[in-house]
Amino acid sequence: MRTLLEIFQDTKETLCRYDYYIHTQKRILHLTNSEIKIPHLMGMQYLGKPNQFTGDFGAYAIKKQRVTMESVEKLVRKYYKTEEKQRRMLEMLHRKLDNLGELGEMFSSYSKLYLYEKEKNKESEFQSDYLLVHETGKKILHLGLVKSESGKGIYHCNSFMTTYQNDRDRDSFFRDLPYRYEITRIVRENKDTKHKEVIYQSVEAEQREQAGIEKMLAAAGIRADGKLIKSILRLNKKFGIYHTADMLNDSEALLGKCTNKREESLVSDFLALWEEKRNGM
């Protein structure tokens with residue numbers, strides 16, 4: 001079993017080292033988080049006195065191991081008097097703690113995005129503006145996203161819960177939500193280096209992008225083939241942007257984006273292929 005501190009650190013690596021840009025056909029949600037959001041996702045608001053283990057206090061307590069997996073159970077037994085309430089609370093907490101490690105997969109594979117409208121769901125666990133839902137095996141992960149006060153289009157994670165396929169109410173958080181958006185792609189940006197990478201793209205979005213590349217190459221007078229198109233698609237995903245013909249012609253700028261040898265190899269292979277096609281070979 002992972003410790004509370006390990007869960008906190010792993011979640012911080014996923015949510016706080018990177019920003020995420022969730023693209024739909026109508027809007028882009030910019031998701032950004034700091035470590036003070038994590039205790040709430042872990043369920044620490046249900047422990048101790050009000051706000052004792054949330055926000056800055058919660059992050060500090062976890063990092064200094066003032067609260068541990070062992071003390072979680074002690075706190076539940078102290079503040080919840082009946083055995084049934086204790087059982088239900090521990091089950092709910094472990095559904096959070098045991099599955100926060102799946103967030104990376106949630107962002108990098110097929111998920112559904114629902115408009116949640118927290119004003120209409122005041123009794124729900126999720127006081128969120130959007131709900132991201134991801135099914136993996138027997139589990140259904142739910143991540144609430146709430147608008148930030150710092151700017152338009154910016155969101156934070158504010159709720160997390162897991163249900164299981166054999167739960168009677170496994171879809172209760174989203175089954176009555178009327179508005180759902182198809183995610184076309186998710187771009188991950190390293191906060192320190194500003195390096196962007198497409199970590200998820202829908203099949204339909206990739207097909208549209210491929211058609212756009214074919215048109216771009218035709219306009220530039222370059223014969224398109226599957227190998228070249230795939231190479232450009234890989235560049236677009238790796239650097240999180242759509243490369244125009246002018247950008248592809250700028251070998252110095254392309255190489256300047258590289259932060260490691262794998263990226264240098266990707267760009268070098270493309271440039272060799274691009275030179276061949278430009279010369280009509």
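Can you pull the percent of region 1-40's accessible area that's carbon plus sulfur, 1.4 Å probe, other chains left in place? Present the calculation step by step, with values, prior to reporting the outcome.
On the way: 940 of 1970 Å².
Exposed carbon and sulfur together represent 48 percent of the surface.
For ALA218 paired with ASP10, estimate the spin-label separation in nm (one decimal), with each label point 7 Å from Cα along the Cα-to-Cβ line.
4.9 nm
Using Cα atoms only, what is the angle between the long axis of helix 4-15 and the major principal axis of the chain, expressed in degrees (0 to 90) to the nearest 10?
Computed tilt is about 30 degrees.
Return one number: the angle in degrees, 0 to 90 and rounded to the nearest 10, between the long axis of the Cα atoms of helix 83-97 and the longest principal axis of the Cα atoms of the chain.
The angle comes out near 20 degrees.
How large is the dipole of region 150-281 about the Cα centre if only Lys and Arg carry +1 and Asp and Glu carry -1, each at its Cβ, rounded to the nearest 20 debye?
Numbers: 23 positive and 21 negative charges, 22 e Å.
So the dipole magnitude of region 150-281 works out to roughly 100 debye.
Counting only C-alpha contacts under 8 Å and six or more residues apart, can you give the relative contact order of the chain as a whole percent?
Values: 415 pairs, mean separation 46.8, N = 281.
RCO, the chain: 17 percent.
Counting only protein heavy atoms and using a 1.4 Å probe, what share of the accessible area of region 134-255 belongs to carbon plus sulfur, as a whole percent? Don't skip to the answer; put the middle values down first.
Details: 3130 of 6690 Å².
Accessible surface attributable to carbon and sulfur in region 134-255 totals 47 percent.
Using R₀ = 45 Å, calculate the FRET efficiency as 1/(1 + (r/R₀)^6) where r is the Cβ-Cβ separation of ALA245 and GLU84; round to 0.05.
With R0 = 45 Å, the Cβ-Cβ based efficiency is 0.10.
Have a look at GLU105, GLU189, GLU252 and tell me which one the Gaussian network model of the chain (Cα, springs below 10 Å) gives the largest fluctuation.
GLU252
As I understand it, the value is the acute angle between the Cα axis of helix 261-278 and the longest principal axis of the Cα atoms of the chain; what does it come to in degrees, rounded to 10?
30 degrees
Given R₀ = 41 Å, what would the calculated FRET efficiency be for ASP167 paired with GLU264, taking r from the Cβ atoms and rounding to 0.05?
Working from the Cβ atoms, E equals 0.30.
For the pair HIS94 and TYR110, how long in nm is the line joining their label points, each one 7 Å along Cα→Cβ?
3.1 nm
Before anything else, pin down the relative contact order of region 135-281: Cα pairs under 8 Å, at least 6 apart, normalised by residue count, whole percent.
Relative contact order comes out at 14 percent.
Using the alpha carbons of the chain, what is the convex hull volume per residue in cubic angstrom, as a whole number? Display every interim value, and only then the final one.
Working: hull volume 44.7 nm³, N = 281.
So the per-residue Cα hull volume is 159 Å³.
Rounding to the nearest 20 debye, state how big the charge dipole of region 134-204 is about its Cα centre with +1 on each Lys and Arg Cβ and -1 on each Asp and Glu Cβ. Write down the numbers at each step before the final one.
Numbers: 13 positive and 11 negative charges, 27 e Å.
With only Lys, Arg, Asp and Glu charged at Cβ, the dipole is about 120 debye.
If you count only protein heavy atoms with a 1.4 Å probe, what accessible area per residue comes out for region 40-97, rounded to a whole Å²?
Counting only protein heavy atoms, the per-residue value for region 40-97 is 61 Å².
Over region 184-259, what relative contact order in percent results from Cα pairs under 8 Å that are six or more residues apart?
For region 184-259, the relative contact order is 28 percent.
If you plug each phi of region 207-216 into the Karplus form 6.51 cos²θ - 1.76 cosθ + 1.60 with θ = phi - 60°, what whole-Hz ³J(HN,Hα) values come out, in order, with x for Gly and Pro?
Values per residue, Gly and Pro as x: 5, 5, 5, 4, 5, x, 5, 4, 5, 4 Hz.
Find out how many positive minus negative residues lie around TYR21, taking Lys and Arg as positive, Asp and Glu as negative, among other residues whose Cβ is under 12 Å from that of TYR21.
+1
Quick one: which residues, 5 or more positions from TYR155 or on another chain, have an amide H under 5 Å from its amide H? H modelled 1.01 Å from N in the peptide plane, none for Pro or chain starts.
HIS30, LEU31, THR32, SER148
I'd like the Karplus ³J(HN,Hα) series for region 200-206: coefficients 6.51, -1.76, 1.60, θ = phi - 60°, whole numbers in Hz, and an x wherever there's a Gly or Pro.
Once θ is set to phi - 60°, the couplings for region 200-206 become 8, 8, 5, 4, 5, 5, 5 Hz.
Of TRP274, GLY212, ILE62, which is farthest towards the positive pole of the chain's charge dipole, taken about the Cα centre with +1 and -1 on the beta-carbons of Lys, Arg and Asp, Glu respectively?
Looking along the dipole axis, the top candidate is ILE62.
From the phi of every residue in region 23-31, what ³J(HN,Hα) in whole Hz does the Karplus formula 6.51 cos²θ - 1.76 cosθ + 1.60 yield, where θ is phi - 60° and glycine or proline is x?
9, 10, 5, 9, 7, 10, 9, 9, 9
The values are calculated or read from the model by the stated rules, or taken from the named source; none is laboratory data. The model shown is predicted, which means the values in this text are computed figures rather than measured ones. Here the Cβ is made from the backbone with ideal geometry for all residues, glycine too, and neighbour counts use every protein chain on show. What goes into the accessible areas is simple: the full protein's heavy atoms, side chains included, and nothing from ligands, DNA or RNA. Shrake-Rupley method; radii C 1.70, N 1.55, O 1.52, S 1.80 Å.
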